[in-house]
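The values are calculated or read from the model by the stated rules, or taken from the named source; none is laboratory data. On a predicted model such as this, the values are computed, not experimentally measured, just so you know. When we count neighbours, we look across all protein chains shown, and the Cβ atoms used for this are built from the backbone with ideal geometry, even at glycine. Quick note on the areas: whole protein, heavy atoms, side chains included, nothing else; ligands and nucleic acids left out. Shrake-Rupley method; radii C 1.70, N 1.55, O 1.52, S 1.80 Å.
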Amino acid sequence: MFMLDSHLTGEQTRRVAEVRNAAEQANINLFLTGGAMRDMMAGFAIRDLDFTVEGLAIKFAKSIAQKSKAEVLSVDELRKSVELLFPENVRASISAARVEKLVKAGSKPQVQPATIYEDLHGRDFTVNAIALSLGKASRGLLIDPTNGLGDLSHKELRATSNYALYDDPVRILRLIRFRTRLGFAVDERTMNQYRNVREAELEKRIPPAALEIELREIALDPLAGDILKNLEDENLLYLISPALTGPKLNLQGFQKLQKARQSVPFGMDIPVNSYALFLFLLLEKLSAKERTQLVGRLGISKTAVNAASTLESRAAKIEKGLATGNLQKPSALYAVLSKVPGEMLLFLLMRSGQRLVLDRIKNYLQKYLPAAQEVTERDVIEQGVQPGTPKFAKLHQQLIATRLDARPKKVVIEEPPPPPPPGPGSRRSASFGR
């Protein structure tokens, strides 16, 4: 539990406590699982919170969303899983512990409720089959039935069973994604299983909906361009679109996006529509016909496509305002950019050719945003204003503006007085001070 707390942001810590308390009140067994446990035990920052419950996951997740005002991003009725986005840009999934049985590779699975142990045994790779109990009676209990911790220590990817990749061929794409992101080697048996799946061309049975979900996962990864390049090297990118090859695979654009993301200081979690940025770069080099075929085949939503296609025009308006606006004061620049979506800031860092615009965005991200986050709710409460009142948000912004515009105090170093001149009879030698 101490290790978990040290890897979570303040916002994530509050949401874990909220979900844990709700599970106790509902008398539901709750576990932290999947990528959250993998990243924590491997020493990476936890990107998303993955919860598994032994019980009615969808009902539980919707009650959490209602109480916390979280946005329900998606609901998988078959697998009893819900994706949530909390107000502080904390992403989480709440899923039911389950086992999936497949009649044939790539077919629709038969899903049944299960215990957490059965659930972990049925996952893709051992590093993703680790759970931490958050229940009151067993809080902090680590569950690792497939020795995922051992594989993490050896930096190795190993399938949980001899049929994991056969049963769900989309896992071969995940294998490439995890290998790229984590830098792990692949266990020889798992590699043989991968070769056999490819030889049988089972990847052609991956449903379009599963491909689109995998595309969203790639979009969230800082190494999205590297993952796409490795998928191309493995001749798997044709599953998304046969046109994504050679110069039409926008690797240069993804490299610029990766560099732009590095401008955001570690720990500064700004809301970013990563899928919009990803789709813009993915579709940029394709013809109109090729774009239509890709979008239609994978069933990408109209909302997602519109967010990507309008990115450039929306960013141009913001760029004009940054280039011509009177934003010399830090508080003025902060007031403007704090309302700009994160994907716009990253897009301008990638594409703007105006030095003033780039400098202002970098100053905001690297100086003003961290300084603004130092002004806490406690600072506002100490002024006699309570959270939830109309004055609270206004006073919070005023305190931030004061902090940003305050000039740093000059430190005056007083020089020591000169030593007195030598008196008569002094025997100081000429070599003194050498």
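Listing for the model above:
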item	result
Members of region 77-96 that are part of a strand (DSSP E or B) and over 15 Å from Val16 (Cβ atoms)	Ser81, Val82, Glu83, Leu85, Ser95, Ala96
Given (1) on the phi > 0 side of the Ramachandran plot; (2) open to solvent by 60 Å² or more (accessible area, probe 1.4 Å), number of the condition Glu199 does not satisfy	(1)
Set Ser274, Ser263: member being under 21 Å from Leu249 (Cα atoms), in contact (Cβ under 8 Å) with a residue 24 or more places away in the chain and of a type in the set (S, T, N, Q)	Ser274
Residues (assigned to a helix (DSSP H, G or I), open to solvent by less than 50 Å² (accessible area, probe 1.4 Å), of a type in the set (A, V, I, L, M, F, W, C) and touching a residue at least 24 places away in the same chain (Cβ under 8 Å)) located in region 2-45	Leu4, Val16, Val19, Ala22, Ala23, Met37, Met40, Ala42
Test: residue in region 57-77 that is modelled with pLDDT under 95, crowded, with 19+ Cβ neighbours inside 10 Å, within 22 Å of Arg171 (Cβ to Cβ) and not hydrophobic (A, V, I, L, M, F, W, C)	no
Helices (runs of 4 or more DSSP H) lying entirely in region 213-320 (those with 2 or more residues that are within 28 Å of Leu182 (Cα to Cα) and of a type in the set (Ser, Thr, Tyr))	274-284
Tyr334 being of a type in the set (Ser, Thr, Tyr), buried (at least 16 other Cβ atoms within 10 Å of the Cβ) and within 23 Å of the chain's Cα centre (by Cα)	no
Scan of region 196-214 for residues that are small (Gly, Ala, Ser) and either touching a His at 6+ places or on another chain (Cβ under 9 Å) or modelled with pLDDT of 95 or more (or both), ordered by number	Ala200
Single residue of region 85-99 satisfying the filter (out of contact with any helix residue (DSSP H, G or I) (no Cβ under 6 Å at 6 or more places or on another chain) and more than 15 Å from Gly34 (Cα to Cα)) that is surrounded by the most Cβ atoms within 10 Å (Cβ to Cβ)	Leu85
Extreme residue, least open to solvent (accessible area, probe 1.4 Å), among residues of region 100-118 that are among the charged types (D, E, K, R) and out of contact with any Gly (no Cβ under 7 Å at 6 or more places or on another chain)	Glu118
Breaking point among (1) among the acidic types (Asp, Glu); (2) open to solvent by 50 Å² or more (accessible area, probe 1.4 Å); (3) in contact with a Gly (Cβ under 9 Å, 6 or more places away or on another chain), for Asp48	(2)
Restricting region 337-363 to residues that are within 26 Å of the chain's Cα centre (by Cα) and of a type in the set (Lys, Arg), the residue that is farthest from Asp269 (Cα to Cα)	Arg351
Residues that are in a helix (DSSP H, G or I) and either closer than 17 Å to Arg403 by Cβ or of a type in the set (A, V, I, L, M, F, W, C) (or both), drawn from region 332-348	Ala332, Leu333, Tyr334, Ala335, Val336, Leu337, Met344, Leu345, Leu346, Phe347, Leu348
Odd one out for Asp187, checked against (1) at pLDDT 95 or above; (2) within 30 Å of Asp269 (Cα to Cα)	(2)
Subset of region 202-247 [open to solvent by 40 Å² or more (accessible area, probe 1.4 Å) and closer than 13 Å to Arg174 by Cα]	Ile213, Arg216, Glu217, Asn230, Glu234
Subset tally (residues that are without any contact (Cβ under 8 Å) to a residue 60 or more places away in the chain, crowded, with 17+ Cβ neighbours inside 10 Å and in a helix (DSSP H, G or I)) for region 143-171	4
Residue that is surrounded by the most Cβ atoms within 10 Å (Cβ to Cβ) [pool: residues in region 382-401 that are of a type outside the set (Gly, Ala, Ser) and under 15 Å from Ser331 (Cβ atoms)]	Ile400
Selected residue (criterion: most open to solvent (accessible area, probe 1.4 Å)) from residues of region 172-191 that are part of a helix (DSSP H, G or I) and touching a strand residue (DSSP E or B) at 6+ places or on another chain (Cβ under 8 Å)	Arg189
Residues satisfying the stated conditions in region 50-60, i.e. within 16 Å of Val75 (Cα to Cα) and assigned to a strand (DSSP E or B)	Asp50, Phe51, Thr52, Val53
Residues located in region 322-331, provided they are open to solvent by 40 Å² or more (accessible area, probe 1.4 Å) and either outside any helix (DSSP H, G or I) or not hydroxyl-bearing (Ser, Thr, Tyr) (or both)	Asn326, Gln328, Lys329
Only listed residue being more than 24 Å from the chain's Cα centre (by Cα), within 28 Å of Glu11 (Cβ to Cβ) and not β-branched (Val, Ile, Thr), chosen from Gly148, Gly122, Gly135	Gly135
